[in-house]
Amino acid sequence: MRKYVLCIVVCFNYVISFAQGIQDSVFRIPEVEISEQRLFQKADAGLKQTRVDSLVLLEKINADLSEVLAENTPVYIKNYGRGALSTASFRGTAPSHTQVSWNGININSPMLGMVDFSLIPVNIIDDLTLQHGAASVSEQSGGLGGHISIRNKVDWKNRFSGRYHQGVGSFHTFSEFAQINLGSATVQSKTRAYHFFSKNNYDFLNKHLLPEPEVQRNQNADYGRYGVMQEVYYRPLPQWQLSAKVWWQDAYRSIPTVLTDESSDDSKERINRQDDRTIKAVVNSGFFGDAWTFKFHSGFDFQEVDYVNGYTVNNEENLNVNSGSDMQSWYNQISCQYRFSDKITVDLKGDYNLYDIASYDTAALLGYDVTRQEASVMSAIYYEPFAPLQISVTLRQDWLEKRHTPMIYTFGVNYKPITSQNLVFKGSITRNFRNPSLNDMYWQPGGNPDLKAEKGYTIDGGLHYLLQKKQWSIESQFTGYYSQIDDWIIWLPGLKGPWEPYNLMSVEASGIEMMLKTRWSSGNVRLYLMANYAFTQTVNAGRGLSDVDISEGKQLPFIPIHSGNIFASAAYDGYYINYQHNSYSTRYLLYSNNQSDGLYPYHLNHASMGRRWHVNRFKINVELQVKNLFDEFYRSILNRFMPGRNYMLMVKVAF
């Protein structure tokens with residue numbers, strides 16, 4: 001581990017960085033402005049992108065990314081409990097079909113192919129953008145559902161500023177975050193540090209116990225994380241910008257037993273714990289001319305996961321599982337964009353990635369060690385033949401050693417029927433694929449190196465509307481989509497016992513996404529409202545998994561057909577109140593879709609209220625957050641009841 005830290009320190013001695021600015025203020029909340037030019041761009045022709053508002057990121061600054069996505073986007077988050085594993089289903093696809101990047105480098109686990117969003121704190125995010133469906137191809141392959149981009153930015157006007165947040169809440173929960181920004185017109189530095197801990201010992205009614213339910217306490221469920229992010233930015237010339245960023249984090253969590261466990265043995269102390277450590281670093285360089293743009297980035301991602309399961313008797317450990325995984329990934333990209341004229345722009349990108357993975361279980365004496373190389377080339381042309389019409393064409397070819405990879409593409413169209421109105425019709429068709437993850441191929445026991453890549457295509461279309469006035473604005477999006485994914489990988493019990501992956505399913509995912517956002521301000525009064533709704537139908541369109549299988553045409557497990565969320569905020573003369581609502585319909589546990597095997601719908605409500613004021617140059621904010629406002633009794637997955645009403649008191653200071 002020391003040699004990797006040393007390499008990153010050396011990189012910092014040679015490269016310092018760039019990005020675009022956000023304003024760091026508790027009072028003047030930086031807003032995501034959607035201009036006419038941004039609404040109608042050649043490079044985004046036919047593609048849907050959603051940018052999470054900075055007001056939402058500020059409201060959720062002590063939370064993790066899974067909360068932001070679940071409560072403010074159409075992405076469904078499968079949450080295994082408070083502080084536990086949280087994975088994404090983007091447009092009804094599998095967690096591995098959502099690609100995630102941090103400042104341009106992919107941070108999906110090479111072993112699992114997915115991201116645990118509970119391990120990403122919101123306080124390290126400056127910009128959060130979702131590329132839906134076809135829009136992900138310009139970033140990388142594999143995003144059959146979509147792509148989520150996390151970025152950090154810089155304010156070149158900043159000279160010295162900072163902030164400190166501290167929170168205390170229910171279930172022995174404590175949160176701290178500090179940030180210092182300093183620099184000049186050519187050099188900027190941003191340093192962030194955070195710590196979060198919770199015993200997570202809430203009470204719940206366990207309805208699974210016989211002969212009658214009883215109130216129990218969530219035990220062996222503590223979790224925490226702490227980390228540091230350092231960013232340095234350098235601008236030697238107005239058109240030349242350099243950057244370097246490092247993010248280190250250590251996270252730990254205990255995993256409680258399932259609710260159906262009625263065993264009791266006071267002589268044994270359970271051990272069920274997971275530790276996640278990561279260090280990510282990226283250096284960027286960009287030259288921005290009148291017609292040419294050159295960019296380069298190189299990044300490193302080290303992820304270490306340790307898991308133990310067993311018990312102790314008389315202070316002696318007896319472990320059933322003692323596993324560890326070391327994942328080292330190197331990412332490199334060079335890109336060039338040339339603007340021939342106002343009508344035609346060409347984009348070229350080249351990527352080379354290297355993965356070195358070691359997985360082991362010292363209790364079961366199993367594991368694997370593998371190295372994998374990937375390369376890709378992307379070319380795109382953005383064309384505006386005449387004012388109301390824009391066209392984008394993207395081609396991407398990936399190379400993976402010893403595996404055939406198809407060429408993928410995206411064709412998108414923007415059409416603006418009335419040039420004086422900000423109404424744009426969008427449509428696209430794309431072909432995409434995802435290679436099996438390393439666990440799919442090499443996990444012991446059960447991995448299958450002969451798995452085929454998952455392949456699919458997506459058609460979507462919709463409209464994007466924006467109306468801006470002096471005191472108010474309204475923005476709306478409506479999108480319909482249809483995807484077919486063949487050779488969908490699914491793990492099933494094997495003939496010899498261990499679970500094994502198979503290319504068995506053909507899946508059709510179709511649905512509707514709707515978004516409405518409006519603002520109004522007058523004097524000291526500010527109002528904000530955002531709402532999302534998603535209709536998601538993801539069904540097995542192929543043959544059954546066996547002769548007695550009745551899953552054909554049925555909704556895939558754990559994917560709600562209906563989901564939606566609302567965020568509303570009102571502020572007056574330093575006082576403010578925020579309200580959050582999100583709902584999910586029934587989620588089936590089995591492919592049979594029997595109501596008896598489903599998780600009931602639930603409707604969550606959260607609220608926060610606070611006061612902001614100035615004390616000399618300091619800006620102080622005191623806020624009370626109430627989670628699960630109406631004490632909803634619900635489960636996100638089977639055998640995991642979630643907490644009832646709970647509270648968090650936050651104090652925020654900025655200067």
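The values are calculated or read from the model by the stated rules, or taken from the named source; none is laboratory data. None of these values were measured; they are calculated from a predicted model. Note that each Cβ is placed from the backbone with ideal geometry, even for glycine, and that neighbours are counted across all protein chains shown.
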- Among the residues of the range 179-233, how many are polar (S, T, N, Q), in a loop (DSSP other than H, G, I, E, B) and touching a residue at least 60 places away in the same chain (Cβ under 8 Å)? 2
- Among what's in the range 85-101 and is out of contact with any helix residue (DSSP H, G or I) (no Cβ under 9 Å at 6 or more places or on another chain), in contact (Cβ under 8 Å) with a residue 24 or more places away in the chain and of a type outside the set (A, V, I, L, M), pick the residue that is nearest to residue 65 (Cα to Cα). 101
- Message: List pairs: first residue in the range 636-655 and within 16 Å of residue 203 (Cα to Cα), second residue aromatic (Phe, Trp, Tyr) and loosely packed, with under 15 Cβ neighbours inside 10 Å anywhere in the structure, Cβ distance under 9 angstrom, at least six positions apart or on different chains.
- Response: 641/633; 642/633; 644/633; 645/630
- Query: residue 475 versus (1) without any contact (Cβ under 8 Å) to a residue 60 or more places away in the chain; (2) more than 20 Å from residue 112 (Cβ to Cβ); (3) not aliphatic (A, V, I, L, M): which is the lone unmet condition?
  - Reply: (1)
- Item | Answer residue from the range 337-361, given it is touching a strand residue (DSSP E or B) at 6+ places or on another chain (Cβ under 8 Å), more than 20 Å from residue 112 (Cβ to Cβ) and among the polar types (S, T, N, Q) and is surrounded by the fewest Cβ atoms within 10 Å (Cβ to Cβ) among those | 337
- Item | Residues being surrounded by fewer than 24 Cβ atoms within 10 Å (Cβ to Cβ) and in contact with a helix residue (DSSP H, G or I) (Cβ under 9 Å, 6 or more places away or on another chain) - total across the range 132-149 | 1
- Query: Considering the range 35-82 alone, what residues qualify as being surrounded by fewer than 24 Cβ atoms within 10 Å (Cβ to Cβ), small (Gly, Ala, Ser) and either without any contact (Cβ under 8 Å) to a residue 60 or more places away in the chain or part of a loop (DSSP other than H, G, I, E, B) (or both)?
  - Reply: 35, 54, 63, 81
- In the range 142-187, the residues that are over 21 Å from residue 116 (Cα atoms) and among the basic types (Lys, Arg): 153, 157, 159, 163
- Message: With the structure loaded, tell me whether residue 306 is touching a strand residue (DSSP E or B) at 6+ places or on another chain (Cβ under 8 Å), surrounded by 17 or more Cβ atoms within 10 Å (Cβ to Cβ) and in a strand (DSSP E or B) or whether it fails that test.
- Response: no
- residue 237 surrounded by fewer than 16 Cβ atoms within 10 Å (Cβ to Cβ), at pLDDT 90 or above and of a type in the set (A, V, I, L, M, F, W, C): yes
- Query: Just for the range 586-629: of the residues that are hydroxyl-bearing (Ser, Thr, Tyr) and in a strand (DSSP E or B), which one is nearest to residue 59 (Cα to Cα)?
  - Reply: 608
- Among the residues of the range 489-509, how many are within 23 Å of residue 562 (Cα to Cα) and either of a type in the set (D, E, K, R) or in contact with a Ser or Thr (Cβ under 7 Å, 6 or more places away or on another chain) (or both)? 3
- Keeping to the range 354-367, report how many residues are at pLDDT below 95, part of a strand (DSSP E or B) and of a type outside the set (Gly, Ala, Ser). 3
- Item | Residue count, the range 270-280 (criterion: under 21 Å from the mean Cα position of the chain (by Cα) and either within 18 Å of residue 84 (Cβ to Cβ) or modelled with pLDDT under 95 (or both)) | 5
- Query: If residue 86 satisfies every condition in (1) under 12 Å from the mean Cα position of the chain (by Cα); (2) surrounded by fewer than 23 Cβ atoms within 10 Å (Cβ to Cβ); (3) not hydrophobic (A, V, I, L, M, F, W, C) but one, which is the exception?
  - Reply: (2)
- Scope the range 151-190; condition surrounded by 16 or more Cβ atoms within 10 Å (Cβ to Cβ), over 23 Å from the mean Cα position of the chain (by Cα) and basic (Lys, Arg); matching residues: 163
- Expected single match for over 30 Å from residue 236 (Cα atoms) and either buried (at least 16 other Cβ atoms within 10 Å of the Cβ) or of a type outside the set (D, E, K, R) (or both) among 271, 279 is 271
- Query: Do the conditions hold for residue 553, that is, is it at pLDDT below 95, within 28 Å of residue 488 (Cβ to Cβ) and small (Gly, Ala, Ser)?
  - Reply: yes
- Note on the structure: Being more than 21 Å from residue 116 (Cα to Cα), modelled with pLDDT of 95 or more and of a type outside the set (Phe, Trp, Tyr) narrows 267, 263, 243 down to just 243
- Of the numbered conditions (1) farther than 24 Å from residue 400 by Cα; (2) assigned to a helix (DSSP H, G or I), residue 128 satisfies every one except a single condition; which is it? (2)
- Query: Got at least one residue in the range 484-506 being over 24 Å from residue 450 (Cα atoms), surrounded by 17 or more Cβ atoms within 10 Å (Cβ to Cβ) and modelled with pLDDT under 90?
  - Reply: no
